[in-house]
Amino acid sequence: MTAAASPSEAAKRRAAVQYAVRFAANGSVRGAMPGGTAAVPQCQAGLLFTGEYALSEPSLVSRLLWIRLDHQMQRGRPEDRVLAATALRHFLLWLLPQLEDALANLQSLLADRNADSNPRQSKGQLLSLWVLDLFLTFCRETGAVTEHYQAEALHYVRETLDAMAARQAQFLARTDCRCPRGNLSWYILEAYRHGRFQTVSSRSRLVGDACLVQDDMLYIRSATLCAVLREWGPTPDLTQAMLGKQLKRLGLISVGKELRTAGKKIHGRRYYQLSFQALRQTARSY
């Protein structure tokens, strides 16, 4: 990912990175969209090269093992790819007969990390060491490396990961206070809890900027919600178009046959129909 030529393109790329990281890192099924079906993640791990775009949101950085490069990666050979692919294939063949025992051991190790101050980062570091230890064990048993080399390599990687984790924790501590405290769902729920919406419980009283709360649903005009979030949320330049796209991305609304995001019509006016249950669920995924 490289620097964008325009603010709008940069915003699109940021949104794509944020969606990809959370979709993979959360590792859970998203709630069903209104009128649609649930989306199941296709991956739970991967490599993300952001290039000139540095991640700055604490909720994203805490979901990653953050590797910052201060110089170009060089001295690679074309045949390294073939060697790596061949080694990986044979490693998987070696691992399959003992995979259940290895995974049981991993589950036990991960459970011990739940009490850490940053369990996401701690578990990511543990997974990296676990995989490397398995791979080096495979290499040792096939005669590619010695037991001494395996021990030294693990020690070096552990020290490197510890240094990376320290830099990452320092960055999180420095930036956390300046970043959004939650996603759009979180701010909508906070605004509702603090009485920022003028709510009524009957359609007959639904006039002006009033919002209807009925059957665990919030019915609210796009302009009303946008105005509150501009003042209450972290995006003072939020537009109704941006709002609709973010709500759709979170799975809180869907576009109906009339191609409108505000699909509920009451007294001739259109309203967003937001489920409080879906708001709570997506707010927790931030």
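The values are calculated or read from the model by the stated rules, or taken from the named source; none is laboratory data. In this text the structure is predicted, and so the values were computed from the model without any measurement. Neighbour counts run over all protein chains shown; Cβ positions are idealised from the backbone, glycine included. The accessibility values were calculated without ligands, DNA or RNA, using every heavy atom of the protein model including side chains. Shrake-Rupley method; radii C 1.70, N 1.55, O 1.52, S 1.80 Å.
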Q) What residues from region 143-165 fall in the zone where the backbone N is under 20 Å from a label point 7 Å along the Cα-to-C-beta line of VAL82? A) none
Q. Mind checking which lysines have their C-alpha under 18 Å from LYS264, skipping anything on the same chain fewer than 8 residues away?
A. LYS245, LYS248
Q: Could I have the simple spin-label model distance between ALA144 and GLN170, label points 7 Å from Cα toward Cβ, reported in nm to one decimal?
A: 3.4 nm
Q) ILE67: accessible area at probe 1.4 Å, nearest 10 Å²? A) 110 Å²
Q. What accessible area, in Å² to the nearest ten, does a 1.4 Å probe give for ASP215?
A. 130 Å²
Q: Please give the solvent-accessible surface of TYR271 in Å², to the nearest 10, using a probe radius of 1.4 Å with every protein chain present.
A: 0 Å²
Q. Separation between the LEU47 and ARG284 pseudo-spin-labels, each 7 Å from Cα along Cα→Cβ, expressed in nm?
A. 3.5 nm
Q. When the chain is fully extended, how far beyond the present Cα-Cα distance does ALA111 get from TRP130, taking 0.36 nm per residue of separation?
A. 5.4 nm
Q) With r defined as the distance between the Cβ atoms of ALA16 and LEU69 and R0 fixed at 22 Å, what FRET efficiency is calculated, to the nearest 0.05? A) 0.55
(Q) Leaving ligands and nucleic acids out of the surface, order SER122, SER6, SER108 by accessible area at 1.4 Å, largest first. (A) SER108, SER6, SER122
Q: Tally up the carbon and sulfur contribution to the accessible surface of region 58-155 as a whole percent, 1.4 Å probe, everything protein left in place.
A: 57 percent
